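A short write-up of the structure that comes next.
The values are calculated or read from the model by the stated rules, or taken from the named source; none is laboratory data. As the structure is a prediction and not an experimental result, all values here were calculated from the model. So basically every Cβ, Gly included, is an ideal-geometry build from the backbone, and we count neighbours across all protein chains shown. All accessible areas refer to the heavy atoms of the entire protein, side chains included, with ligands and DNA or RNA removed. Shrake-Rupley method; radii C 1.70, N 1.55, O 1.52, S 1.80 Å.
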Amino acid sequence: MSQSGRARVSARQYLPESKLEDLASSLRRLANHRGLIRSEIASPMLLRLLPPPRRAEEKKYEADLRQRIADANLDGPRIAYLTADAEREIAIAHTRLSG
């Protein structure tokens with residue numbers, strides 16, 4: 001198979017740090033979504049990592065979120081699960097607001 005025929009995958013997908021950053025971004029968006037109802041989140045693992053809504057200084061908020069993720073010592077499959085689950089919860093929260 002020629003290189004042009006192969007599926008191209010961005011370098012970002014190979015970097016564990018970028019996967020953690022994707023997770024942090026999803027958690028941050030979910031935690032601050034107006035449609036979020038924390039008591040309705042089904043995943044205990046997601047709920048444990050979910051930070052409070054941002055009320056503190058942004059640098060402290062980001063540092064606390066990154067520390068929470070680092071302390072969880074997540075492997076690749078768990079990072080993928082949590083990122084996908086956070087995105088599903090964001091979609092649910094959005095649906096609550098729109099309809």
Could you identify the single residue in Glu62, Glu87 that is under 11 Å from the mean Cα position of the chain (by Cα) and under 15 Å from Glu21 (Cβ atoms)? Glu87
Those residues of the stretch 70-84 which are over 19 Å from His33 (Cα atoms), surrounded by 17 or more Cβ atoms within 10 Å (Cβ to Cβ) and under 10 Å from the mean Cα position of the chain (by Cα) amount to Ile79
Within the stretch 22-51, restricting to residues that are surrounded by 12 or more Cβ atoms within 10 Å (Cβ to Cβ) and part of a loop (DSSP other than H, G, I, E, B), the one that is nearest to the chain's Cα centre (by Cα) is Leu50
Looking only at residues that are in a helix (DSSP H, G or I) and open to solvent by 50 Å² or more (accessible area, probe 1.4 Å) in the stretch 52-69, which one is modelled with the lowest pLDDT? Glu58
